[in-house]
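Step one of this worksheet: look at the structure below.
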Amino acid sequence: SQTIHQWPATLVQPVGSPLSLECTVEGTSNPNLYWYRQAAGRGLQLLFYSVGIGQISSEVPQNLSASRPQDRQFILSSKKLLLSDSGFYLCAWSPRDATNEKLFFGSGTQLSVL
Amino acid sequence: DQQVKQNSPSLSVQEGRISILNCDYTNSMFDYFLWYKKYPAEGPTFLISISSIKDKNEDGRFTVFLNKSAKHLSLHIVPSQPGDSAVYFCAASAERDNNNDMRFGAGTRLTVKP
């Protein structure tokens, strides 16, 4: 069966510090990978998605970047965090080349930038 | 750009009664709709979905209704149970985008009172 791992679960970082959140998927190959953010009181906002190694699509201009160094690894980064980067970050995957497929989410990372 | 809207941030229902959660969308290209359930500090989990070729899909206590002309869908939970208390997200995607652009509503917090 497929599983998705996301860490850390919580993170408190000072403004201006770097960020690295990691997500890995097991039990499947060539997944589509996603990073979402849920800001306080708001819905899930798609930040990045990837259909393959090194292929990253960005949905919104922001202080964050994403990388996919391996097929089942997706990393969310920032060189300098802003207060507005606080939120609940979710990694997700879906089968490649499958239409009408649901997303499978990780357990999320609660990021607080102080 | 709120293409998927859940206008009720919260809903409170008595145990055993029906819960109705509503969702509206603006993009006529959306052809696949999903409901996710989210507990605090956890990732969303898939609940039920419906394709645009249908107007109803039922799974146990959960039924999703789709009204394409009104660009509206709803989730009915009957009977509601205290364990159903969670945030429910409506989501939509378009097959032409290989579902890589799934849009989420802001969520509705359902509280089922014993």
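The values are calculated or read from the model by the stated rules, or taken from the named source; none is laboratory data. Please read these numbers as outputs of a predicted model, since none were measured by experiment. Every residue, glycine among them, receives a Cβ derived from its backbone with ideal geometry; neighbour counts consider all protein chains shown. Please note that ligands, DNA and RNA were not included when accessible areas were found on the heavy atoms of the full protein model with its side chains. Shrake-Rupley method; radii C 1.70, N 1.55, O 1.52, S 1.80 Å.
The stretch A:3-113 gives an Rg/Rh value of 0.95, both radii derived from C-alpha positions and Rh following Kirkwood.
Residue ranges B:9-22, B:76-89 sort as B:76-89, B:9-22 when ordered by packing (mean number of other C-beta atoms within 10 Å per residue, highest first).
Legend: Rg and Dmax of chain B, from Cα coordinates, 13.5, 44 Å. Considering only alpha-carbon pairs that sit under 8 angstrom and 6 or more positions apart, the relative contact order computed for chain B is 37 percent. The mean number of Cβ atoms from other chains found within 10 Å of a Cβ in peptide B:75-82 is 0, as a whole number. Among the residues of the stretch B:2-30, none has an accessible-area drop of 50 Å² or more from chain alone to full protein complex, heavy atoms and 1.4 Å probe. The packing ranking, built from the mean of other Cβ atoms within 10 Å per residue, places the peptides B:101-109, A:63-71 in the order B:101-109, A:63-71, highest first. What is the distance in Å between the Cα centroid of the stretch B:17-31 and that of the stretch A:1-67? So the two Cα centres are separated by 26 Å. For the stretch B:36-83, the C-alpha radius of gyration divided by 2.2 N^0.38 Å, with N the number of residues, is 1.28.
Using the Kirkwood formula on the Cα atoms of the protein assembly as shown, what hydrodynamic radius do you get, in angstrom to one decimal? Spell out each step's value before the answer.
Numbers: mean 1/r = 0.0553 Å⁻¹.
The answer is 18.1 Å.
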